[in-house]
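Taking it in order: structure first as structure tokens, then the write-up.
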Amino acid sequence: MSAATSTRIPEGIGTRVRRFTSRRASWIPVFAALGILLALLLAGQAYFGNFLTPRVLSSLLLDNAYLLILAVGMTFVILTAGIDLSVGAVLAFTAIMGARMLSEGVPVVVVIPVMLIGGALIGLLIGVLIQFFDVQPFIASLAGMFAARGLAFLVSLSSIKVEDPAILWLQTKLFNIDGWYLSPTGVIALLVVAAGALVLQFTRFGRTIYAIGGNEQSARLMGLPVVRTKLLAYIICGTCAGLAGVVFTAYQGAGYPLNGIGTELDTIAAVVIGGTLLTGGSGFVLGSMIGVFVYGTIKTAISFLGAEQSWTRITIGALLLVFVVVQRVIVSRSSRR
Amino acid sequence: MTKIFKHRLVLPIAALVALILVNTISRPSFVSITVRDGQLYGSVIDILRNSAPLMLVALGMTIVIATRGIDLSVGALMAVSGAVALTIIDGSGSPDSPATLGIAIAAGVTVTLIFGAWNGFLVSVLGIQPIIATLVLMLAGRGIALLITGGFITTVTSTPYKFMSQGYLLGLPFAFYVSVVAIVLVALIQRRTALGVLTESVGINPEASRLAGVRSRGIVWGAYAVSGLLAGFAGILYSSNIMAADANAAGQYIELDAILAVVLGGTSLMGGKFSIAGTVIGVFTIQTLKSTITFLGVPPAVSPLFMAMVVVIVVLVQSQRVRNGASKLWATVSSRKEAEVAR
């Protein structure tokens, strides 16, 4: 790795820090994101005075539960050095499909699996295009995005209200712990994050994902199941988008085919801010979670300010820039491949 | 396997011709052109006129893609240039004077030229991935446009400004001349100088071309700047068509259409060899397809589904062609190719 590990300077804090940064270079962007998040929260508290309250912090999770789920799925795909532009459209499609089925009296125990399978199928389509037809992930997921958006409009052109108590319960039931609120959607999102982190860190499948992102050719030569793993990554991303559709339906209490336009960009931005490299092979689900919270905090702060929401996009764009440059510096310093 | 069939423009042209045939059979009025007051009207003329913004953007995109990059920010830049130009016209006392018009257009495209150069700086100097470098402005650009217009949709009345996309010159829409000029300029600069070859060499192997003495940094930088400039002109045309600066709707999804047009025209997203003629055909194909969808009475909302089918068909045909061409090499080459795709 870098020179810091081989020189014989007596062990001090500086050396240890340097050794950590050279060995665990991929964690640095995550800590940077965490630092930004804390700075944002503290600045918000200093400016508004009522920012760091359990209510605001709880709503950070509840309002962004769907984005969190999308970001976990997106992390899988980006780690394989791919990208999935379809998630926003898949969210809209599964949400409107679910709302339509519920309004026609289909029981909820059927509807939710159908929504998840719908997302998974679009993910599978994208994966097949990429893996078997040699299509670039960007173009393949673009096709998936158009398909899902068109299907959403095919299901319904207008908003469909959801009155199913089980779906609405996901958002309206609030567990109150000392002023902190947690809805079932928040629990789902946290479970998805935990599952994603564990799978990536401790399973053979998860390590194969990192291997493919690091160098697909090497992974293939090592005899790792590249085809199956990449397909699964896109299926997971699609399923997450379907699940986000469930959560989003509960959140909005309705399905609408125009939902989620631009959400794929927010998701990618959150994942990148969370320290995942778009070149693949380096990143963490926990980082993506921090990225989503950074996004949510900016959004909350801007609505606190009463400023125009267009500032959210500008700030996210600027932050994205900062993080990309920082990552660029880290990558060029730590890896000399 | 004659020489003609091997030409790389055969498939794009065949697709366009097939589309035109389908249109003509389903509604014969498609190809009819009527002359009124010395001006030509008809579906084909509409396609020529309406394709102008996409043509400009796609030309810039072709050059960027040839350097192995991609520019996602073009739609947002269109919104910015429209917002800048219309805000200037709106604020001036004489919206009809040529001076105001010149200043407005110059200001609009200068701003997007600077933004394009900024994209190029991120990609060529800082070495950031093109997708993410241009994603920054794609996210922030519309916000900036909204700030310029103050969150409103600025509307103006200016006859000369309106002329640019709705006026006629010598019987043909003025916007068509704009795209012709852009095509000719880009083709001349890229094909009658060494620049095109250098651009291709940078796209095929940046490191090798740098070692061979090609200033790849400047070429990549310039490609993004040109893309920004052309997107600026496209934004002016778009805002002139609706006489309003709509920061949210201007150029929405045009980056995707432009990328599709480039890919349809046979230019690989992997960079390198590019075809300006192919892009021109690709743009007309997409514009014809859009008009087809409208005329067939398909609800506009369902049109994404058609676009998805087109994308899938195109990429499948292209990959099939790869298979036929190198059927024996397939097994060995495919693993390498996939590694490149995953780049």
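Values computed for the structure shown
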item	result
Efficiency of FRET from Cβ geometry, A:LEU221 and B:LEU126, R₀ 35 Å, rounded to 0.05	0.60
Alpha-carbon spread of the stretch B:149-307, three principal axes, descending order, Å	53, 38, 36
Sum of side-chain charges, B:TRP221 neighbourhood, beta-carbon under 13 Å (Lys, Arg +1; Asp, Glu -1)	+1
Tail fraction, Cα-Cα pairs, the stretch B:105-227, threshold 19 Å, whole percent	63
³J(HN,Hα), Karplus 6.51/-1.76/1.60, whole Hz, each residue of the stretch B:268-282, x for Gly, Pro	7, 5, 7, x, x, 3, 10, 10, 5, 4, x, 4, 4, 5, x
Stretchable slack from A:PHE48 to A:TRP169, in nm (0.36 nm times residue separation minus alpha-carbon distance)	40.3 nm
Charge context of B:ARG142, other residues only, Cβ under 11 angstrom, K/R +1, D/E -1	0
Total lysine pairs under 30 Å (Cα atoms) in the protein assembly as shown, excluding pairs fewer than 8 apart on one chain	18
Amide H partners (placed H, <5 Å) of B:TYR168, local residues excluded	B:PHE174
Global size of the stretch B:3-297 as Cα Rg and Dmax, reported in angstrom	19.2, 61
Value of D in µm² per second that Stokes-Einstein yields for chain A, Kirkwood Rh from Cα pairs, at 10 °C (1.306 mPa s)	77
Rounded to whole Hz, the Karplus (6.51, -1.76, 1.60) HN-Hα couplings of the stretch B:63-76, x for glycine and proline	5, 5, 5, 4, 8, 6, x, 7, 10, 7, 8, 4, x, 5
Over the stretch A:215-276: Rg over Rh, Cα atoms, Kirkwood Rh	1.13
Amide H partners (placed H, <5 Å) of A:ALA254, local residues excluded	A:VAL162
38 Å tail of the calculated P(r), the protein assembly as shown, as % of Cα pairs	36
Acute angle (nearest 10 degrees) that the helix A:204-214 long axis makes with the longest principal axis of chain A, alpha-carbon atoms	60
Against the rule of thumb 2.2 N^0.38 Å, how large the Cα Rg of the stretch A:36-82 comes out	1.53
Built amide H within the under 5 Å cut-off of B:SER275, gap 5+	B:THR267
Net charge over other residues, Cβ less than 14 angstrom from the Cβ of A:PHE76 (K, R count +1; D, E count -1)	+2
For the stretch A:63-74, 3J(HN,Hα) per residue [Karplus equation, 6.51 cos²θ - 1.76 cosθ + 1.60, θ = phi - 60°, Hz, x = Gly/Pro]	6, 10, 4, 5, 5, 4, 5, 4, 5, 4, x, 4
Extension gain, B:LEU188 back to B:SER94 (0.36 nm per residue minus Cα-Cα distance, nm)	30.1 nm
In Å, descending, principal axis extents of the Cα set of the stretch B:234-302	38, 30, 18
Distance cut-off 25 Å, percentage of C-alpha pairs in the stretch B:1-131 lying past it	54
Folded to 0 to 90 degrees: helix A:263-273 orientation relative to chain A principal axis, Cα	20
C-alpha center-to-center spacing [the stretch A:229-278, the stretch B:196-212] in angstrom	37
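Values in this text are rule-based calculations from the coordinates and carry no lab data. Everything numeric in this text was worked out from a predicted model, so none of it was measured. Here Cβ is always computed from backbone atoms with ideal geometry, including for glycine, and neighbour counts include all displayed protein chains.
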